[in-house]
Amino acid sequence: MTIVTVATAKAHLNITDDADDTLIAGKIAAAEAYVDRWLDVKLADMNAVPADLREAILQLVGHLYENREAMLIGISAEELPLGFREIIDQHRAWGF
């Protein structure tokens with residue numbers, strides 16, 4: 001079960017056609033798996049996934065969709081404050 005639907009991700013990405021639905025579904029699965037591992041909690045097992053975690057998943061889906069390769073050429077990129085990592089870190093149970 002996915003937390004974010006393809007329709008929700010497409011709205012977030014401002015995509016209106018169906019050509020990339022399979023690709024977007026894969027990006028959603030990857031983003032949710034990443035968050036599951038980082039939090040060491042299955043999102044699907046949560047009673048209610050907080051809105052900020054849904055937003056973090058959408059941010060990661062957007063990043064994975066727009067940046068399909070590990071390298072950018074001719075583009076200066078910086079991570080925005082209060083982004084993906086800051087959101088999910090608030091939900092992580094830290095322990096050593």
Binning at 5 Å from 0, report for segment 1-87 what percent of all alpha-carbon pair distances ends up in each bin. 3, 13, 25, 24, 19, 12, 4, 1, 0
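Using just the helices of the chain, give the 222 nm mean residue ellipticity in deg cm²/dmol: DSSP H runs with n ≥ 4 each add -39,500 (n - 2.57), and the total is spread over all residues, rounded to 500. Show your work: numbers first, answer last.
Values: 4 runs with 49 residues, N = 96.
The helix-only estimate for the chain comes to -16000 deg cm²/dmol at 222 nm.
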For the ALA11, GLU78 Cβ pair and Förster radius 35 Å, calculated FRET efficiency rounded to 0.05 is 0.85
Would you mind counting up the charge near ARG92? Only other residues with Cβ under 13 Å from its Cβ, with Lys and Arg at +1 and Asp and Glu at -1. -3
So how much slack lies between ALA33 and THR2, counting 0.36 nm per residue of separation and subtracting their Cα-Cα distance, in nm? 10.2 nm
If you count only protein heavy atoms with a 1.4 Å probe, what accessible area per residue comes out for the chain, rounded to a whole Å²? 70
Two pseudo-spin positions, 7 Å from Cα along C-beta at ALA19 and at ALA70, lie apart in nanometres by 2.8
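Please report, as a whole percent, how much of the solvent-accessible surface of the chain comes from carbon and sulfur atoms (probe radius 1.4 Å).
Working: 3680 of 6700 Å².
Carbon and sulfur: 55 percent of the exposed surface of the chain.
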Give me the accessible area of ARG92, 1.4 Å probe, in Å² rounded to the nearest 10. 70
Dipole axis of the chain (+1 Lys, Arg; -1 Asp, Glu on Cβ), positive-most option in ALA29, ALA77, PHE96: PHE96
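With +1 on the Cβ of every Lys and Arg and -1 on the Cβ of every Asp and Glu, and nothing else charged, how large is the dipole of segment 2-66 about its Cα centre, in debye rounded to the nearest 20?
Working: 5 positive and 11 negative charges, 24 e Å.
Result for segment 2-66 is approximately 120 debye, rounded to the nearest 20.
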Rounded to the nearest 10 Å², the 1.4 Å probe accessible area of TRP38 is 70
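The values are calculated or read from the model by the stated rules, or taken from the named source; none is laboratory data. Computed from a prediction, not measured in an experiment: that's the story for all the values here. Glycine gets a Cβ as well: all are built from the backbone with ideal geometry, and neighbour counts include every protein chain shown. With ligands, DNA and RNA removed, areas are computed over all heavy atoms of the protein, side chains included. Shrake-Rupley method; radii C 1.70, N 1.55, O 1.52, S 1.80 Å.
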